[in-house]
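Here the structure comes first, spelled out in C-alpha cells, and everything after it is commentary.
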Amino acid sequence: MFENILLAVDGSDHSLKAAKLAGDLARLSGGKLRVLTAYEKVPSYLGEPNLSQAIAKRTEKAETVLNGATAEIGDIPGGCETDMLSGDPAEAILRAVDTFDIDLIIMGTRGQGDIKSLLLGSQSHKVVSAAPCPVMLVR
Ligand code: ATP
Ligand code: MG
C-alpha cells in the first residue's frame, strides 16, 4: 500500500518508537523507507576553521541519530536510505516528500524539546498542517 515511506528522526524516544513502527510497516507493505534527520544550519559568519568544526560536530551528531534509528528499523527488503539535511526540520521533511514522491510520513508526536506538557511538538505540528500525504504520529 505504501511504496515510499519517510521517517523523520531527532534521536528522541518518540522518534525511536516511530523508527521501530516504520520498519515494521515498510516490511509489511514491501515499500522503500527513507530516514531523514535535519541539523541546525551553521551561520557562515563564523568563518574558518570554526565553520568546518561546527558543521563536523553537527553532522557527527546527525550520524549518531541516523544509526540509532536504523538499528531500531532492522532490515528492509524494499531498501532503506538515510538523509542528513541542514535547516528547519519541518521544511526539510516537506521538501523530501516532494522530491521522493513520499506517500506516508512517520514521525514522533514530540521530540527533544523541553516542554513536556506539549501535546504536539512544533515540527510535527508544521508537518501535519502542510503535508500533502498521510502523516502517522507516534507516541
Ligand atoms: P519543539 O522542538 O517544538 O520544542 P519537540 O522537540 O518536543 O518540541 P518536535 O521537534 O516537533 O517536538 O518533534 C516531533 C517529531 O518531529 C520528532 O519525534 C521527530 O520525528 C521529528 N523531528 C523533530 N526534529 C527533527 C529533526 N531535527 N530532524 C528530523 N526530524 C525531526
Ligand atoms: Mg524539537
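Here are some notes:
- Protein accessible area in segment 4-138, 1.4 Å probe - carbon and sulfur %: 54
- Entry note, the chain: the mean residue ellipticity at 222 nm calculated from DSSP H runs of n ≥ 4, each adding -39500 (n - 2.57), is -14500 deg cm²/dmol after division by the residues and rounding to the nearest 500.
- Normalised per residue, the accessible area of segment 4-138 is 55 Å², obtained with a 1.4 Å probe and no contribution from ligands, DNA or RNA.
- Taking amide H atoms as placed 1.01 Å from N in the peptide plane, the amide H of LEU85 lies under 5 Å from those of THR37, ALA38, TYR39, each 5 or more residues away in sequence or on another chain.
- Cβ crowding within 10 Å averaged over residues, with 127-135, 14-22 ranked highest first: 14-22, 127-135
- Using a probe of 1.4 Å, the accessible surface attributed to GLU40 totals some 130 Å² when neighbouring protein chains are kept in position.
- A Stokes-Einstein calculation at 25 °C with viscosity 0.890 mPa s, built on the Kirkwood radius of the chain over Cα pairs, returns a diffusion coefficient of 161 µm²/s.
- Of the DSSP H helices in the chain, those whose Cα atoms cover at least 18 Å axially and whose Kyte score averages -0.5 or more: 13-29, 50-73
- For segment 4-138, the relative contact order comes to 36 percent (Cα pairs under 8 Å, sequence separation of at least 6).
The values are calculated or read from the model by the stated rules, or taken from the named source; none is laboratory data. What you see is a predicted model; the values in this text were computed from it and never measured. Note: ideal-geometry Cβ built from the backbone for every residue, glycine included; neighbour counts use all protein chains shown. These area figures cover heavy atoms from the full protein model, side chains too; ligands, DNA and RNA do not enter into them. Shrake-Rupley method; radii C 1.70, N 1.55, O 1.52, S 1.80 Å.
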